[in-house]
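Contents: one structure, followed by commentary.
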Amino acid sequence: MDIFWHGHSTFTIKGKSATIVTDPFEQGTKLPKLKANIVSLSEEGTVAEVEGDPKVLDWPGEFEVSDVAIEAIRPEGEESSIFIFALDGIKICHLGYLTHELHDDVLDHIGDVDILMIPVGGGVVIDGKTAQKVVEAIEPRIVIPMLYNATETTLDIKGSEEFLKALGKTGQEAVEKYSVASRANLPDGSMGFVVLEPKL
């Protein structure tokens, strides 16, 4: 599996059976050409073109597309959905435009997570300190921050410094992509942090 970040909450997740693109919103930032089997939209917005005639999921529910099990939930008080993907035996949770800590019932529903994509920039989403609390509540094996001002943006978001400082990960070097061969290759008994360089 290869994961690329395009800024904001837009990722390309390339698995063996399918490619997922999350939140390909045109919000004051440039996106590259995107191609996918599945597109997830955590909220309403102007959506960029995604090649490949993908299945677009923009409402809560349970789905199966191209051998990928998908669940979308909308926590009470939120205007954004959380997407959970089971791809190549790996469970990925994309928290969308989360604005509050998660209640226990939502945490129980999410369950164990292998890879967590979490907003950290504050403003329109949770800030770094709140994101730290969410990470500690979910305890994923890999954490990937998103929705901070690493690219041109019209969103009210700041940088990732507060989040990385709260978790003792300042100076984390950004990488072009995150690759993992299988779930067995994920950290066991510890939490890994991946800062991705925006692929534009």
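Is it the case that Ser42 is under 19 Å from His109 (Cβ atoms) and either assigned to a strand (DSSP E or B) or touching a strand residue (DSSP E or B) at 6+ places or on another chain (Cβ under 9 Å) (or both)?
Judged against the criteria, Ser42 is a match.
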Name every residue in the stretch 147-198 that is among the basic types (Lys, Arg) and under 19 Å from Gly96 (Cα atoms), in order of residue number. Lys158
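Looking at Glu161, Glu197, Glu139, which is the one that is surrounded by fewer than 16 Cβ atoms within 10 Å (Cβ to Cβ) and in contact with a helix residue (DSSP H, G or I) (Cβ under 9 Å, 6 or more places away or on another chain)? Working first, answer last.
Values: Glu197 fails: in contact with a helix residue (DSSP H, G or I) (Cβ under 9 Å, 6 or more places away or on another chain); Glu139 fails: in contact with a helix residue (DSSP H, G or I) (Cβ under 9 Å, 6 or more places away or on another chain).
One residue alone meets the criteria, Glu161.
Can you tell me which residue within the stretch 172-185, out of those that are assigned to a loop (DSSP other than H, G, I, E, B) and of a type in the set (A, V, I, L, M), is surrounded by the fewest Cβ atoms within 10 Å (Cβ to Cβ)?
Kept after step one, since they are assigned to a loop (DSSP other than H, G, I, E, B), are these residues of the stretch 172-185: 172-174, 176-177, 180-182.
Subset that is of a type in the set (A, V, I, L, M): 174, 180-181.
Details: Ala174: 12, Val180: 20, Ala181: 9.
Within the stretch 172-185, the match that is surrounded by the fewest Cβ atoms within 10 Å (Cβ to Cβ) is Ala181.
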Considering only the stretch 40-74, how many residues are at pLDDT below 95 and closer than 13 Å to Tyr97 by Cβ? 2
So, first residue hydroxyl-bearing (Ser, Thr, Tyr) in the stretch 96-114, second residue modelled with pLDDT of 95 or more and surrounded by fewer than 18 Cβ atoms within 10 Å (Cβ to Cβ), Cβ within less than 6 Å, six or more apart or across chains; the pairs are Tyr97/Glu43
Across the stretch 93-118, which residue is farthest from Trp5 (Cα to Cα) among those that are crowded, with 19+ Cβ neighbours inside 10 Å and out of contact with any Pro (no Cβ under 9 Å at 6 or more places or on another chain)? Ile110
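The values are calculated or read from the model by the stated rules, or taken from the named source; none is laboratory data. Values in this document were obtained by computation on a predicted structure and should not be read as measured data. Virtual Cβ from ideal backbone geometry, glycine too; neighbours counted across all protein chains shown.
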